[in-house]
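Colleague: Once you've had a glance at the structure underneath, I'll fire off some questions.
The values are calculated or read from the model by the stated rules, or taken from the named source; none is laboratory data. Source: prediction; values computed, not measured. A quick note on method: Cβ atoms are made from the backbone with ideal geometry, for glycine too, and the neighbour counts reach across all protein chains shown.
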Amino acid sequence: MSALILRGAPVAEALLASLKSEVTALNPKLVIVQVGDDPASQSYVRQKLKSCEAVGLRTEHRTFKAEVTLPVLMKTIADLNADSDVTGFIVQLPLPAHLQPHVPDVIKAIDPKKDVDGFGAYNLGKMFLSTDFEHLPPATPAGIIEMLRFYEIPVEGKHAVIVGRSNIVGKPIAMMLLNRGATVTVCHSRTQDLKAMTKQADILIAAVGKAGMITKDMVKKGAVVIDVGVSRTKDGLKGDVDFESVKDIASAITPVPGGVGPMTVASLIRNCVTAKKRQMHS
Ligand code: NDP
């Protein structure tokens, strides 16, 4: 058996095409704040700006040297919160080492109405209620949900096993799948016998950042495998899943690159449109 390859590009293109008329009508604006020149961040920001341009979304890219101080960054956030022309903004993570411990403060400072990354407590907390309250979900989990919808992969009643419990991927995708009727298991670095867990998955989501750690023997025949992980190796970008062997046993699998990545960008743009609509009605 060879798995259906779940490519992100057609899903992202369809989502962006569906957003285009609203972008034109509502004219939202996204600001991307970038500190330092982390190569991965450079590439992510480039992709975001490119997709925004493709749908005609206004953007501003504010860059700071890696040495920027926390007060300067916080002042920028306060200014963006107050600027009525700015629909939403993101602070590209990770921050340089001296600011990284302050990430929770940085996220907390972003007005929840403009938190288009959906990383703040308000937007994350609302997701606990039901799908009706997933207004500004974090982009990667939202992208995964859109991908499952596009490829008509049923979620209700399925056992979803998630490897990784970060606040931006693992936990929110767990909640979104729970909201859609999946039975959810969340694994992490303290999980004993990871394989015994992953083997049970109808839908297996890997969000760790360890290249090739999910091997064929850890996957149930016919499982749907979603690989969020991105590791920069000497052989290029690699996912958490050993794609070559797992594709022979899975029923569907995302490639890395070209799977979840494009969806993350498209979901961010959708959040900008949603944020604008909600700001107009508040
Ligand atoms: P984090 O580093 O925040 O979280 C990693 C998670 O993996 C943690 O919960 C950790 O457990 C768990 N973990 C680590 N080692 C193991 C192990 N041996 N067995 C089981 N679990 C383990 O990462 P993120 O969630 O931010 O990102 C995960 C990956 O996804 C990264 O590669 C990142 O680059 C990628 N990513 C890709 C995106 C895309 O658009 N394609 C977007 C966002 C992220 P514990 O909590 O116990 O430490």
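Colleague: Only one of (1) over 11 Å from the mean Cα position of the chain (by Cα); (2) at negative phi is not met by residue 152, so which one is it?
Modeller: (2)
Colleague: If you check 20, 75, 114, 48, which single one turns out to be on the phi < 0 side of the Ramachandran plot and loosely packed, with under 13 Cβ neighbours inside 10 Å?
Modeller: Working: 20 fails: loosely packed, with under 13 Cβ neighbours inside 10 Å; 114 fails: loosely packed, with under 13 Cβ neighbours inside 10 Å; 48 fails: loosely packed, with under 13 Cβ neighbours inside 10 Å.
Just a single option satisfies the conditions, and that option is 75.
Colleague: Restricting the first residue to region 163-178 and requiring it to be within 17 Å of residue 131 (Cα to Cα), which pairs with a second residue that is of a type in the set (Asp, Glu) and more than 9 Å from the ligand (Cβ to nearest atom) meet a Cβ separation below 7 Å and a spacing of at least six or different chains?
Modeller: Listed by first residue and then by second, the contacts come to 176/134.
Yes/no matrix, rows are residues, columns are (1) within 16 Å of the ligand (Cβ to nearest atom); (2) hydrophobic (A, V, I, L, M, F, W, C):
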site	(1), (2)
53	no, no
81	no, no
97	yes, yes
103	yes, yes
110	no, yes
133	no, yes
138	yes, no
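Colleague: I've got another one for you. State all residues of region 146-165 that are away from the ligand (no atom under 11 Å from the Cβ) and either in a loop (DSSP other than H, G, I, E, B) or out of contact with any Ser or Thr (no Cβ under 9 Å at 6 or more places or on another chain) (or both); if no residue qualifies, say none.
Modeller: Passing the criteria: 148, 149, 150, 151, 152, 153, 154, 155, 156, 157, 158.
Colleague: Within region 40-73, work out how many residues are free of Cβ contacts under 8 Å to residues at least 12 places away in the same chain and part of a helix (DSSP H, G or I).
Modeller: Final tally of qualifying residues: 7.
Colleague: Given the criterion within 14 Å of the ligand (Cβ to nearest atom), more than 27 Å from residue 43 (Cα to Cα) and surrounded by fewer than 19 Cβ atoms within 10 Å (Cβ to Cβ), identify the matching residue among 233, 183, 215, 198. Talk me through it step by step, then tell me what you get.
Modeller: Values: 233 fails: more than 27 Å from residue 43 (Cα to Cα); 183 fails: within 14 Å of the ligand (Cβ to nearest atom); 198 fails: surrounded by fewer than 19 Cβ atoms within 10 Å (Cβ to Cβ).
Result: 215 is the single residue among 233, 183, 215, 198 that is within 14 Å of the ligand (Cβ to nearest atom), more than 27 Å from residue 43 (Cα to Cα) and surrounded by fewer than 19 Cβ atoms within 10 Å (Cβ to Cβ).
Colleague: Check region 166-176 and report whether any residue there is within 9 Å of the ligand (Cβ to nearest atom) and assigned to a strand (DSSP E or B).
Modeller: Narrowing region 166-176 to residues within 9 Å of the ligand (Cβ to nearest atom): 166-171.
Narrowing the set further to residues that are assigned to a strand (DSSP E or B) leaves none.
The answer is no, given that none of the residues of region 166-176 is within 9 Å of the ligand (Cβ to nearest atom) and assigned to a strand (DSSP E or B).
Colleague: Answer yes or no as to whether residue 264 is of a type in the set (Ser, Thr, Tyr), crowded, with 20+ Cβ neighbours inside 10 Å and outside any loop (DSSP other than H, G, I, E, B).
Modeller: Details: of a type in the set (Ser, Thr, Tyr): yes; crowded, with 20+ Cβ neighbours inside 10 Å: yes; outside any loop (DSSP other than H, G, I, E, B): yes.
Yes, satisfied.
Colleague: Then there's this: Could you say which residue among 96, 112, 104, 141 is closer than 18 Å to residue 265 by Cβ and not basic (Lys, Arg)? Steps first, please.
Modeller: Working: 96 fails: closer than 18 Å to residue 265 by Cβ; 112 fails: closer than 18 Å to residue 265 by Cβ; 104 fails: closer than 18 Å to residue 265 by Cβ.
Exactly one of 96, 112, 104, 141 is closer than 18 Å to residue 265 by Cβ and not basic (Lys, Arg), namely 141.
Colleague: Only one residue in 129, 93 is modelled with pLDDT of 95 or more, under 30 Å from residue 181 (Cα atoms), among the hydrophobic types (A, V, I, L, M, F, W, C) and not in a helix (DSSP H, G or I), so which one is that? Spell out how you get there, then give the answer.
Modeller: Values: 93 fails: under 30 Å from residue 181 (Cα atoms).
One residue alone meets the criteria, 129.
Colleague: For residue 251, only one of the following conditions fails: (1) surrounded by fewer than 22 Cβ atoms within 10 Å (Cβ to Cβ); (2) within 16 Å of the ligand (Cβ to nearest atom); (3) among the hydroxyl-bearing types (Ser, Thr, Tyr). What is its number?
Modeller: Condition (2) is where residue 251 drops out.
Colleague: Right, something else. Out of all the residues in region 122-170, which are under 21 Å from residue 208 (Cβ atoms), surrounded by fewer than 19 Cβ atoms within 10 Å (Cβ to Cβ) and in contact with a strand residue (DSSP E or B) (Cβ under 8 Å, 6 or more places away or on another chain)?
Modeller: Listed by number, the residues that qualify are 159, 165.
Colleague: Take the conditions among the hydrophobic types (A, V, I, L, M, F, W, C), over 30 Å from residue 21 (Cα atoms) and more than 14 Å from the chain's Cα centre (by Cα) and apply them to residue 230. Does it pass? So that I can check it myself, show each step before the final result.
Modeller: On the way: among the hydrophobic types (A, V, I, L, M, F, W, C): yes; over 30 Å from residue 21 (Cα atoms): yes; more than 14 Å from the chain's Cα centre (by Cα): no.
Against the criterion (among the hydrophobic types (A, V, I, L, M, F, W, C), over 30 Å from residue 21 (Cα atoms) and more than 14 Å from the chain's Cα centre (by Cα)), residue 230 does not qualify.
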